[in-house]
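Asker: Got a structure for you, questions after.
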Amino acid sequence: MSAFPETLKTWRKTRRLSQLDLALEADVSSRHISFLETGRARPSRDMIGRLSDVMQLPLAARNQMLTHAGFAAQYSARDWDGADMAPVRMAIDHMLDRHAPYPALALDRLWILHKMNGPARTLFAGLNVTEGDSLLDLMMSDHLPPLIENWPDVAHHAAQRLRTESVAQGGIAMLDRVAAHLAQVPGRSDTALAPVVPTIYRLGEARLSLFATIAQFGTPEDLALNELKIELYFPADEASRVILENLTG
């Protein structure tokens, strides 16, 4: 018996859908969903695509659904240095470089830093972090909390984000472990003081308050691109803007 029935059931429950909910959204009968989950019926590639769309599965999970049903995987991770990835590399470089004098970086689903612009390298150099390092390791270390003035609030929101990302990907043990660690940080403020919660760095005598936006590729057909995020940091106050502009000359 293939592993598809259990894979489908696991993802359906992860997305908190009943068999009827999934059936209605995929325009099939709930009886057919039941048969797929018990192995009494075999899915077509088209059916797997429809179910994956309804459950908004990441590309790696779509590959898993296909292979567990006996089909070849549809999505691959292309050679980053290949010619067909040149427009993507240019787009990422453009976003990161044009964002200066503010920090910007690209990271994957496990929070590994893949690229940073100059201001980000300057900022993270003080934390002994460079391209190829893990921000998850940094959050679990004893080095970061003393440098973040509002660490309890930052830790709380980071834990929420990690949990959300883990659920979206079907459960990532590493993200769950770091989220559980951050959720135990005491001292969170109960009062919302701003539209967003900034990260307030203490770098020597300087106080740098930043908030971030997150960008992703809208129509990824590549595994690596599907998991890549671009984080663009902005100053949360005028003093931070001046500091960042002075840092980059």
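Laboratory data are not the source of any read-out in this text; all were calculated from the coordinates shown. For clarity, every value in this text was computed on a predicted model and none was experimentally measured. Every residue, glycine as well, gets a Cβ built from its backbone with ideal geometry; the counts of neighbours run over all protein chains shown.
Asker: For region 108-222, compute Rh as the Kirkwood radius over C-alpha pairs and then the Stokes-Einstein diffusion coefficient at 4 °C and 1.567 mPa s; write the answer in µm²/s, rounded to an integer. Kindly include the intermediate steps, with their values, before the conclusion.
Answerer: Details: Rh = 15.4 Å.
Translational D for this selection: 84 µm²/s.
Asker: Treating only the Cβ atoms of Lys and Arg (+1) and Asp and Glu (-1) as charged, compute the dipole magnitude of region 191-249 about its Cα centre; round to the nearest 20 debye.
Answerer: 260 debye
Asker: Between V242 and S189, with labels modelled 7 Å along Cα→Cβ, what's the label distance in nm to one decimal, could you check?
Answerer: 2.1 nm
Asker: While we're here: Using a simple spin-label model with points 7 Å from Cα along the Cα→Cβ vector, what separation in nm is obtained for M95 and I214?
Answerer: 1.2 nm
Asker: What are the principal axis extents of the Cα atoms in region 174-216, in Å, biggest first?
Answerer: Cα extents, longest axis first: 33, 32, 25 Å.
Asker: List the lysines whose alpha-carbon lies under 22 Å from that of K115, not counting same-chain residues fewer than 8 positions away?
Answerer: Within the straight-line cut-off, K115 pairs with K229.
Asker: How large, in Å, is the chain by the Kirkwood hydrodynamic radius built from its alpha-carbon pairs?
Answerer: After inverting the pairwise mean of 1/r, the radius is 20.5 Å.
Asker: What base-10 log of the normalised intensity I(q)/I(0) is obtained for region 4-68 from the Debye formula, alpha carbons as equal point scatterers, at q = 0.12, 0.20, 0.25, 0.30 Å⁻¹?
Answerer: Treating every Cα as an identical point scatterer, log10 I(q)/I(0) equals -0.23, -0.68, -1.14, -1.78.
Asker: If we count every other residue with Cβ under 13 angstrom of L105's Cβ, Lys/Arg +1 and Asp/Glu -1, where does the sum land?
Answerer: Every neighbour counted, the sum reads -3.
Asker: Could you calculate the contour length gain from M85 to S141, that is, 0.36 nm times the residue separation minus the distance between their Cα atoms, to one decimal place in nm?
Answerer: Net length gain for the segment: 16.7 nm.
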